[in-house]
Amino acid sequence: MEQYLVILTIIGVGILGMAWMPSFTAKTKISYSIVYLLIGMLLYSIFDFLPAPNPRKHGEFTLHLTELVLIVSLMCTGLKIDQKFSFRTWIIPFRLITITMFLCIAAVVIIGIYYFKMPLSTSILLAAVLAPTDPVLATDVQVGDPNEQDRDNAKFSLTAEAGFNDGMAFPFVWLAIALAMTSGGDTSFLVTWALKHVFYQIIVGILCGFLLGKLLGYILFTLAEKYENFVTQDGFVSVAATLVVYGATEITHGYGFIAVFVAAITLRAYKRDHKYYNRLHAFSDQIERILVAIMLILFGGSLVRGIMNSLTWPMAAFGIVFIFVIRPLSGLIGLIGTKLKIQEKLVISFYGIRGMGSIYYLAFAFGTTFFKDQDALWSIIAFIVLISIVIHGITAGFTFRKLEQVLPEDNEIIAR
């Protein structure tokens, strides 16, 4: 009972501290992710009775906790984007979730096969889980609250990228799973993979997100204007909508991550200047920060409890190369031909933050079928997430402040 009460107290203090983290970040320009990571490491170093945060032993818990924080974060991300959606004005994010992501995946697959001597399935899985920019830990490089009219190209691009590519990486995870479950040189599964996991699930995710987003907008705004009984100012509607959209889409075997983000930007566009969006976003943001506080404490604990025990120097070298070379170079190539200034291209390319999405995909794949080198993959992913939290968390505030100083005040979101 005493241990249980200590755990409750730690969770309470951790969540309470999150109330002051935005002001801490604004003042120090250091991400609160670093603070909670250190808190987790400290707590698990002092209290040996805390439950071991081992994703190998608690795969299902890891899967569902990261899943929950991701979908809440995706709704929160979509609700704060002021930029109207069009293929022309969103061309930069689309380049990032296609050209840049594909280049990252190709580079990691090659390294996995020839550098680590991994099977093709494991190499593709490693590439897929490292592909998405994380919406959870990337709040420091994203746009602000709704209706702020943020015209920062870098923040808008990274926000939209983080919203889309968590779902867009899923087909590659399924490709790795299909390869791991296939024996010999049989390639017949590729047709099923392409039809189901690429075309069907993406299209269903987009359609469900759009239709449910429109329905939510109709209920919250159109019906509320006609009938007083439909009027609400409750912020928790955003979390309810998140669960409804995600659950309904997954039931129809679409990609729920894509659906939640599409629903969020569709809902956001329904009555763009309405102040209710601020309340919806604020509640989602609060729930997200509560979940992030717990996740980061657990991740910090996993670092001192052995998640990186299988890490080798070659793995560490790869992690550093991925953060400092592969993602930035892929980003710069993907942005060739755009009208972005070189400073914007460099910032967008470098701040592809990795985090909870990578942990979710790895837990999902390992829970679906068997992969070789599981301990090695957990060690690599944990190391890369750690590097991303520290490096991006320390430098983001300073970098974006400098970027604002060198760009004109009337900077517009560019189309190309």
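The values are calculated or read from the model by the stated rules, or taken from the named source; none is laboratory data. Just so you know, these numbers come straight off a predicted model, no measurement behind them. Please note: Cβ atoms are built from the backbone with ideal geometry, for glycine as well, and neighbour counts cover all protein chains shown. Note: areas computed on protein heavy atoms with side chains; ligands, DNA, RNA excluded. Shrake-Rupley method; radii C 1.70, N 1.55, O 1.52, S 1.80 Å.
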From the gyration tensor of the Cα coordinates in the chain, what semi-axes in whole Å does the equivalent ellipsoid have, largest first, with each one equal to sqrt(5λ)? 30, 26, 24
Tell me, what HN-Hα J-couplings in whole Hz come from the Karplus equation 6.51 cos²θ - 1.76 cosθ + 1.60 at θ = phi - 60° for each residue of region 368-376, using x for Gly and Pro? 9, 7, 8, 10, 6, 6, 5, 4, 5
Structure shown: which of K29/K57; K80/K341; K214/K402; K155/K226 lie over 27 Å apart, alpha-carbon to alpha-carbon? K29/K57; K214/K402; K155/K226
Between the residues G78, L223, A169, the Cα farthest towards the positive end of the dipole of the chain, that dipole coming from +1 and -1 charges on the beta-carbon of Lys, Arg, Asp and Glu, is from A169
Based solely on C-alpha atoms, express the radius of gyration and the Dmax of region 1-133 in angstrom. 19.9, 58
Heavy atoms only, probe 1.4 angstrom, no DNA, RNA or ligands counted: give me R56, R305, R95 ranked by accessible area, highest first. R56, R305, R95
Could you run the Karplus curve 6.51 cos²θ - 1.76 cosθ + 1.60 with θ = phi - 60° over region 388-397 and give me ³J(HN,Hα) per residue in whole Hz, x for Gly and Pro? 4, 4, 6, 5, 5, x, 6, 9, 4, x
Along region 121-137, Karplus-curve 3J(HN,Hα) (6.51, -1.76, 1.60; θ = phi - 60°) to the nearest Hz, with x for Gly and Pro, reads 4, 5, 5, 5, 4, 4, 5, 5, 6, 8, 5, x, 6, 7, x, 7, 8
Which residues does the label zone of H64 cover in region 231-271, counting backbone N under 17 Å from a point 7 Å along Cα→Cβ? 243-244, 246-248, 250-251
Counting helices only, and only those DSSP H runs with n ≥ 4, report the 222 nm mean residue ellipticity of the chain as the sum of -39,500 (n - 2.57) divided by its residues, in deg cm²/dmol to the nearest 500. -21000 deg cm²/dmol
Grab every C-alpha pair in region 258-374, bin the distances at 10 angstrom width from 0 up to the longest one, and report whole percents. 10, 23, 33, 27, 7, 0
List the chymotrypsin sites (Phe, Trp or Tyr not before Pro) within region 102-173 that fall in a DSSP loop (any state other than H, G, I, E or B) and whose Cβ has at most 15 other Cβ atoms within 10 Å. Y115
If you take the C-alpha gyration tensor of region 276-320, multiply each eigenvalue by 5 and take the square root, what semi-axes do you get, largest first, in whole Å? 35, 14, 4
With the 1.4 Å probe rolled over protein heavy atoms, region 39-154 has an accessible area per residue in Å² of 40
Dipole magnitude of the chain about its Cα centre (Cβ charges: Lys, Arg +1; Asp, Glu -1), debye to nearest 20: 740
Diffusion coefficient, µm² s⁻¹, Stokes-Einstein with Kirkwood Rh over alpha-carbon pairs of region 116-207 at 20 °C and 1.002 mPa s: 141
With a 1.4 angstrom probe the carbon and sulfur portion of accessible area for the chain, in percent, totals 66
Charges on Cβ only, +1 for Lys and Arg, -1 for Asp and Glu, centred on the Cα centroid of the chain; of F49, S188, I380, which one is farthest towards the dipole's positive end? S188
If amide H atoms are built 1.01 Å from N in the plane of the peptide, which residues on other chains or at least 5 residues away come under 5 Å of the amide H of V143? T159
Once the dipole of the chain is set up with Lys and Arg at +1 and Asp and Glu at -1 on Cβ about the Cα centre, which of Y246, V204, I39 lies farthest towards its positive end? V204
Would you pull out the residues with amide H under 5 Å of M118's amide H, same chain only if 5 or more places away, H placed 1.01 Å from N? I113
C-alpha center-to-center spacing [region 330-387, region 314-329] in angstrom: 10
How big is the C-alpha Rg of region 66-223 next to the rule-of-thumb value 2.2 N^0.38 Å, as a ratio? 1.18
Treating every alpha carbon of region 61-119 as one equal point scatterer without solvent, the Debye formula yields log10 I(q)/I(0) values at q = 0.17, 0.25 Å⁻¹ of -0.87, -0.95
